[in-house]
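Throughout, read-outs are computed from the coordinates displayed, never taken from laboratory work. In this text the structure is predicted, and so the values were computed from the model without any measurement. Because the Cβ atoms are built from the backbone with ideal geometry, glycine has one as well, and the counts that use them run over all protein chains shown.
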Amino acid sequence: MHPNSPIEFRTGFVAVMGRPNVGKSTLINALIGQKIAAVSPKPQTTRKQQLGIFTTDTAQIVFVDTPGLHNPHHKLGKYMNEEAADALNETDIILFVVDISQMPPHEEDRILLSLLDELKQAPKVILALNKIDRLEAGDVASSAAAYAELLPEAEICHISATRGRGLDQLVEQLTLNLPIGPPHYPPDQITNLYEREIAADLIRAASLIHLRDEVPHAIAVRIDEYTQRTEELVYIRATLFVERDSQKGIVIGQNGKMLKRIGSHARTQIASMTGGNIYLQLRIKVRPNWRNNEKMLKQFGFQRWE
Ligand SMILES: Nc1nc2c(ncn2[C@@H]2O[C@H](COP(=O)(O)OP(=O)(O)OP(=O)(O)O)[C@@H](O)[C@H]2O)c(=O)[nH]1
Ligand SMILES: [Mg+2]
């Protein structure tokens with residue numbers, strides 16, 4: 001480009017994909033610089049697509065966070081995989097995130113490869129080797145080589161989403177591969193979800209953090225009221241749906257202790273998103289086997305456009 005010519009603005013979509021728990025949502029939060037996506041140490045935290053919109057003076061990168069690709073055990077899991085696969089349509093770049101600290105590559109890392117095989121024309125893929133902070137320097141090369149073998153033609157970047165390592169280079173790498181064009185969203189918009197939807201996800205993430213085994217995965221959260229009572233205070237009432245009475249007991253805990261713990265964790269997270277105080281009231285209901293029930297899945301918003 002001629003040194004005096006104006007820099008051309010680049011815009012495009014980047015589908016952030018990979019198996020559960022590799023750090024896709026953590027990466028998007030780190031890039032946006034704000035916690036817009038729920039994160040937890042357990043797999044299958046993200047259940048729907050969510051945009052993370054990153055705008056600079058010269059580019060707008062629209063990240064599409066997706067549920068982790070996995071082998072589903074119920075209709076919700078199937079929905080989540082379809083929701084993830086859907087991000088492949090009309091994306092400019094696929095950012096394939098893997099956890100380099102896990103060796104060898106996981107069978108679920110390959111699900112994306114078979115989806116790519118099915119595409120007539122695959123978009124450009126960048127392979128992000130995340131969690132490099134967990135590796136000794138001497139182990140990086142051999143682990144990186146094992147992951148590079150998954151997709152030999154992909155460009156590679158080494159990152160740590162939690163430490164912020166390699167992120168500037170990643171943004172540069174992505175920007176260079178985006179088409180020239182005007183931004184799709186206003187520069188101050190960072191996501192497509194309403195605060196109340198993010199709040200529901202943060203409540204669910206808090207339950208994933210505090211509960212064990214299958215119980216938190218059986219939870220759906222419905223926000224019943226989300227009111228800005230004063231400039232400082234948001235009032236939230238939410239219902240946690242579980243699949244069995246026994247799960248209800250576990251979520252409530254002895255003398256209501258567990259529910260209090262989840263509520264207090266979620267309140268802090270929601271408060272850091274809104275920047276004000278939160279009054280949060282939680283209750284629990286049982287909806288037997290809702291993860292396999294089409295009607296209930298629809299009610300909870302897990303419905304795909306046909
Ligand atoms: N050490 C380390 N941990 C990380 C890094 N990135 C993410 N994590 C942790 O990995 C766990 C999973 O992160 P998420 O962002 O929820 O993963 P995800 O890929 O979005 O998972 P799903 O939504 O379930 O598909 C969390 O405990 C994160 O703190 C990293 O760079 N280094
Ligand atoms: Mg996620």
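Values computed for the structure shown
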{"item": "Formal net charge of residues neighbouring Gln49 (Cβ-Cβ distance under 13 Å; K, R +1; D, E -1)", "result": "-3"}
{"item": "Restraint check, Lys124/Lys298; Lys75/Lys285; Lys35/Lys120, Cα-Cα greater than 31 Å", "result": "Lys124/Lys298; Lys35/Lys120"}
{"item": "Size of region 10-176 as Cα extents on the principal axes (Å, biggest first)", "result": "40, 39, 33"}
{"item": "Sites matching GluC sites (Glu not before Pro) across region 1-107 that sit in DSSP coil, with at most 11 neighbouring C-beta atoms within 10 Å", "result": "Glu8, Glu90, Glu107"}
{"item": "Of the GluC sites (Glu not before Pro) in region 187-221, those whose Cβ has at most 11 other Cβ within 10 Å and which sit in DSSP loop", "result": "Glu214"}
{"item": "Loop-located trypsin sites (Lys or Arg not before Pro) in region 1-105, at most 12 other Cβ atoms within 10 Å (DSSP)", "result": "none"}
{"item": "Antiparallel bridges, percent of DSSP beta bridges restricted to region 81-219 (to nearest 5)", "result": "10 percent"}
{"item": "Net charge of neighbours whose Cβ lies under 13 Å from the Cβ of Pro179, counting Lys and Arg as +1 and Asp and Glu as -1", "result": "-1"}
{"item": "Taking region 10-176 and dividing mean pair separation by its residue count, relative contact order in percent (alpha carbons under 8 Å, at least six apart)", "result": "24 percent"}
{"item": "Neighbourhood charge, 13 Å Cβ-Cβ cut-off, centred on Val64 and excluding it, Lys, Arg +1 and Asp, Glu -1", "result": "-3"}
{"item": "Separation of alpha-carbon centers, region 22-79 and region 208-254, rounded to whole Å", "result": "21 Å"}
{"item": "All-pairs alpha carbon distance profile, the chain, 20 Å steps from 0, percent", "result": "32, 57, 12, 0"}
{"item": "For the chain, with +1 on Lys and Arg beta carbons and -1 on Asp and Glu, the positive-most of Leu150, Phe302, Trp290 along the dipole", "result": "Trp290"}
{"item": "Region 1-78 - share of DSSP beta bridges that are antiparallel (%, nearest 5)", "result": "45 percent"}
{"item": "Percentage relative contact order, the chain, counting C-alpha pairs under 8 Å, at least six apart", "result": "19 percent"}
{"item": "Normalised per residue, the volume of the convex hull around the Cα set of region 195-299 (Å³)", "result": "87 Å³"}
{"item": "Order of Tyr235, Tyr279 under a 10 Å beta carbon neighbour criterion, fewest first", "result": "Tyr279, Tyr235"}
{"item": "Given charges at beta-carbon only (K, R positive; D, E negative), |dipole| of region 181-291 in Debye", "result": "580 debye"}
